[in-house]
Structures are given as structure tokens and as C-alpha cells.
């Protein structure tokens, strides 16, 4: 009888401890930190990440700890500082951070989110959000093929991380689905030239000179160099060159060359991370964005004819309904095989 009472008391205590642990876990989500390599004013990767994290912090009543302009070097000291400040979750918003962040997570016990490392999941400690806008890029490719006068498109990238690769592939697949004989010039500024605006300008100018009259650019800070080239370099027929951007909306600084953008919304992703952290499920799954929940959208500008936009709207629904399947291709060599020609940068 005594042993039964002890067992019952132990069971009740275990339940109480489990309940307290669950409450503590939820209560510990107090501060949200994000680390970005450039300033959160690029209308793209850095700004969308910072803005989304800020919105999520406000949504859940969390203190917001942004760390901007860190570059692509060693961020371990910054991660340690944020951990000491009481960060409940640290988002390493750059592929260059996906080695240091897990190391510091294990050292400090503070959970981290990283990109481009889908095999790094560790329950309670490390999660990955290698996002892909390939569905939106497919629509951009269909639209670009319809609107190109020369029959030649350019794809300029600042590196070949999985996120860029999948969008480059989606764009090429879409363009060729619209016009099988479309020519695509693929150019890489450098292995990690995300902030290289000068390189972005130089490589984009070469792509335009080779015949492209629409350029799909993926670059963070280097995208400003791409836009500069588009604004000052005429197409081979003497006409306007269009630019299709990614992640953010540069309409407010457009000088008449921004055709569209494959826009990302990371608020649902970061919200899910906070929810999973509170529920004890952090580090157990990957996060996605897509057309279905509007976390990926194709930006509509006045430069897109109404009939073409209407067709893109129909195609968008076809993708959502499963009538069109857009393969997610993340390998750089596989992406290059999809292109008509490759003009690698330095």
C-alpha cells in the first residue's frame, strides 16, 4: 500500500513538474534577436528579415534585438552578446552564419535559426529555414518570356545558395514553358558577392550587352549595382531594359525599370518558429514559403500589361491547385544545365 501511495505521489509530482516546465518554456520566450550581414535598408533579404522579425516580436510582445551590418565574417562574439542579453531565439539571417550559430547555441543553450543547412535540425536548439520562392520565380519567367523583345533573358546572381538556385531554376523553367526557344544568359557575380554592387553592375552590363532585355537579379546589396546597370544601359535594340527583383519591393526608388519582384513574406515563418519554441517543437521541422498562403507573391507594377498580368494570375491559381508543378532545384550544377548559356562572373 505504501509503495502505491509513493507511486501515486511520484506520478502527481511528475505531472506537476511537467506542467511547470511547459509554463516555463512558454514564459522564457521573451526576446527575439536577428543577425543580418548588411543594414536592414536594402529593400531585400536584410530588410525583409529585420522587418519580419520586428513584426513578430510586436505580435508576441517580445523584446526585439536586431544586430545589423555584421558582414559575413565571424559573428560568434555577437551571438554570445545577444545570448547574454537574454535572447530567447537568435535568427542567423545569412548562410555565412550557419556554422557559428549552432556552435553558440550549444555553448549557451539559446536556440538558433539558420539558413541553407536543412540537415542541421536539432530539437530544442537548431532549426533551418532554407526558403524558396521558386513558384513565384516560375511566374516571373513566364512573364519575362512573354514581354521580351529580343528573345533573350538574363539571370544575374550574387552567389549560388539553395534559395537563389531554386529561384533561378524556377525562372528558367517558367520562361521555357512559355517559349521553348527562349535564350537565357546565366551570370554569377562571385561565390559570395552578396554586397558587391560594383560587381553586380559590371556583370549585368555584360549580360545586357549579350542581348538580354529583361534581367532577373538576385543579390542583396549587389542588386543596387544590377539596377544601376539596367537604368543606364540600353538593350541591343536601343530600347528599355527591365529588371525583376527578389524578396522586397523597390518601387519607391524605381526610375522606370522595375518590372516586378518575387516577393517574400517571412512573418509566417518567424511566427511559426516562436510558436514551435513555446510548444517544445522547435528544431523538429523545416519552414516553407509559397503562393498558397501569399508568403510568396509576384509584384504587380504599372509596367506589366493587364492581359499578361491576368494570365499570370490564372497560372498562379493553377500552381496552387496542383495543375502545374514547379520543381524545386537547389543544386548549382543542375541549375546551370537548365540555362541556354552560362556567363560566369569573377
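The values are calculated or read from the model by the stated rules, or taken from the named source; none is laboratory data. The structure displayed is predicted, hence computed values, not measured ones. FYI the Cβ positions are ideal-geometry reconstructions off the backbone, even for glycines, and counts take in every protein chain you see.
Any chance segment 330-337 includes a residue that's in a loop (DSSP other than H, G, I, E, B), within 30 Å of residue 111 (Cβ to Cβ) and either in the same structural domain as residue 185 (by TED's automatic domain parsing) or modelled with pLDDT under 95 (or both)? For segment 330-337, residues in a loop (DSSP other than H, G, I, E, B), within 30 Å of residue 111 (Cβ to Cβ) and either in the same structural domain as residue 185 (by TED's automatic domain parsing) or modelled with pLDDT under 95 (or both): present. Could you pull out the residue among 217, 170, 190 that is within 30 Å of residue 40 (Cβ to Cβ), in a helix (DSSP H, G or I) and in contact with a helix residue (DSSP H, G or I) (Cβ under 9 Å, 6 or more places away or on another chain)? 170 is the lone residue from the list that is within 30 Å of residue 40 (Cβ to Cβ), in a helix (DSSP H, G or I) and in contact with a helix residue (DSSP H, G or I) (Cβ under 9 Å, 6 or more places away or on another chain). For segment 77-87, a residue qualifies if it is buried (at least 24 other Cβ atoms within 10 Å of the Cβ) and not in a helix (DSSP H, G or I), and exactly one does: 87. Looking at segment 45-58, can you tell me whether even one residue there is in contact (Cβ under 8 Å) with a residue 60 or more places away in the chain, surrounded by fewer than 20 Cβ atoms within 10 Å (Cβ to Cβ) and over 14 Å from the mean Cα position of the chain (by Cα)? Yes; the residues of segment 45-58 include at least one that is in contact (Cβ under 8 Å) with a residue 60 or more places away in the chain, surrounded by fewer than 20 Cβ atoms within 10 Å (Cβ to Cβ) and over 14 Å from the mean Cα position of the chain (by Cα).
Among the residues here, residue 274 does not qualify as under 27 Å from residue 34 (Cα atoms), in contact (Cβ under 8 Å) with a residue 40 or more places away in the chain and in a strand (DSSP E or B). Just checking, does segment 247-255 include any residue being free of Cβ contacts under 8 Å to residues at least 40 places away in the same chain, touching a strand residue (DSSP E or B) at 6+ places or on another chain (Cβ under 8 Å) and assigned by TED's automatic domain parsing to the domain that holds residue 155? No, segment 247-255 contains no residue that is free of Cβ contacts under 8 Å to residues at least 40 places away in the same chain, touching a strand residue (DSSP E or B) at 6+ places or on another chain (Cβ under 8 Å) and assigned by TED's automatic domain parsing to the domain that holds residue 155.
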